[in-house]
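Written out below as structure tokens is the structure these notes cover.
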Amino acid sequence: MSNDVIIEAWNTVLFEKFSRFKYLFIEGYAAISEEVLKRHQYAEGAHVLEVGCGFGDCTVEIAKCVGAEGVATGVDCASNFIAECHKTAAEQGIKNARFIVADVEADDLGGPYDEAFARFGTMFFNLPGLAMKNIRAALKPGGKFTQIVWRKREDNPWVHEAECCVRNIVPVISHDETDAVHCGPGPFSMAGPDMVSDMLQAVGFEKIQFERFDSDICIGRNLEESIAFAMEIGPAGEIIRLAGEEGERLKGDVIVALKDVIAKFEKEDGSFWAPSSAWFVTAYNPK
Ligand SMILES: C[S@@+](CC[C@H](N)C(=O)[O-])C[C@H]1O[C@@H](n2cnc3c(N)ncnc32)[C@H](O)[C@@H]1O
């Protein structure tokens with residue numbers, strides 16, 4: 001099965017959406033990846049692969065951890081994201097990060113690497129088993145794969161409640177019913193530990209562990225930004241986009257309803273912070 005539609009989506013509409021809210025993603029997600037990088041430290045000199053690296057901010061952080069003797073390699077299927085990664089690394093004077101445009105399900109990922117890492121980079125794979133198999137093939141014997149994925153939707157109300165709100169107003173068009181490009185499986189596709197551990201085991205990983213990490217994340221610096229973020233990102237944004245003209249027409253109603261949904265997340269300074277919950281999943285390539 002070709003990933004062309006998904007790759008086009010990440011290179012176009014999704015790249016534009018993520019760029020518009022880059023500040024929120026980089027700030028919000030950084031707190032989560034800082035925690036995982038503290039718990040699972042990379043040795044100086046290590047060669048580390050990051051899959052689905054997006055803007056490359058994590059790859060750059062990993063490059064700092066492994067020092068001049070190590071290398072961090074960021075891989076993403078969207079060339080627009082990779083172009084941003086090159087800019088970020090150059091701006092920060094990082095010499096030991098490299099970036100590759102590749103489909104993690106199908107392409108050679110280079111290597112062999114000591115470790116692999118993904119921050120919310122594995123939940124949108126069309127064929128996740130194939131991607132996990134390819135990641136393992138790129139690791140040295142004994143190499144560790146650490147990934148951050150969202151836990152269940154009910155514990156991530158910033159995404160889930162916005163989706164429920166939009167579903168009540170906008171007709172849901174499935175991927176099969178539209179020619180519009182789409183992101184592939186959604187943010188909660190890797191939330192189930194049984195399914196994820198079975199899949200990792202099936203492709204040969206061992207010593208699989210799940211650590212839960214809960215934190216509040218900023219979903220907007222003010223009401224306007226919080227509503228825009230809720231309407232554009234995640235399943236809520238995809239429902240509105242895939243509904244086409246009808247989605248556009250109903251945006252006014254969605255804004256009114258979302259104001260009620262997110263009101264409870266407002267802090268004293270007018271910014272909005274909502275609970276989030278993720279898994280840190282680690283697995284090893286056998287020695
Ligand atoms: C939710 S974003 C996460 C980006 C980044 N890791 C972060 O935490 O900000 C998912 C990323 O995975 C990439 N992606 C999706 N499917 C992919 C595939 N088959 N191969 C490589 N990258 C993929 C997308 O282009 C996107 O940059």
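Just so it is clear, none of the values below were taken in a lab; they were calculated from the coordinates. Please read all numbers here as calculations on a predicted model, not as lab measurements. Here the Cβ is made from the backbone with ideal geometry for all residues, glycine too, and neighbour counts use every protein chain on show.
What FRET efficiency comes out for D214 versus A106 if R0 is 22 angstrom and r is the Cβ-Cβ distance? Round to the nearest 0.05.
That gives a FRET efficiency of 0.05.
Please give the Cα centre distance for the stretch 105-140 versus the stretch 210-270, rounded to the nearest Å.
Answer, in whole Å: 31.
Hey, if you drop one equal point scatterer on each alpha-carbon of the stretch 4-284 and run the Debye formula without solvent, what base-10 log of I(q)/I(0) do you get at q = 0.09, 0.17 Å⁻¹?
One equal scatterer on each Cα of the stretch 4-284 leads to -0.42, -1.45.
Taking a threshold of 24 Å on the Cα-Cα distance, which of the pairs K95/K133; K38/K207; K22/K87 fall above it? Show your work: numbers first, answer last.
Details: K95/K133 29 Å; K38/K207 20 Å; K22/K87 14 Å.
Beyond 24 Å between Cα atoms: K95/K133.
List the residues, sorted by chain then number, that are 5 or more residues from F117 or on another chain and whose placed amide H is less than 5 Å from its amide H.
It is L49, E50, V51, T146, by chain and number.
Among the DSSP beta bridges whose two residues both lie in the chain, what percent are antiparallel, rounded to the nearest 5?
50 percent
For G143, enumerate residues with amide H under 5 Å from its amide H, sequence gap 5+ or separate chain, H modeled in the peptide plane.
N285
Please list, in chain and number order, the residues 5+ apart from S276 or on another chain whose amide H is under 5 Å from its amide H, with Hs placed from the backbone.
S215, D216, I217
What spacing in nm lies between the two simple spin-label points modelled at S271 and N168, each 7 Å away from Cα in the Cβ direction?
2.9 nm
For N126 and A263, what is the calculated FRET efficiency with R₀ set at 35 Å and r taken between the beta-carbons, to the nearest 0.05?
Details: r = 37 Å, r/R0 = 1.05.
Result of the calculation: an efficiency of 0.45.
Would you report the distance distribution of C-alpha pairs in the stretch 1-138 as whole percents per 5 angstrom bin, up to the bin with the largest distance?
Here the calculated profile for the stretch 1-138 is 2, 11, 21, 25, 22, 14, 6, 1.
Please list, by residue number, every one of the trypsin sites (Lys or Arg not before Pro) in the stretch 91-141 that is coil in DSSP and has at most 11 other beta-carbon atoms within 10 Å.
Those satisfying the criteria are K95.
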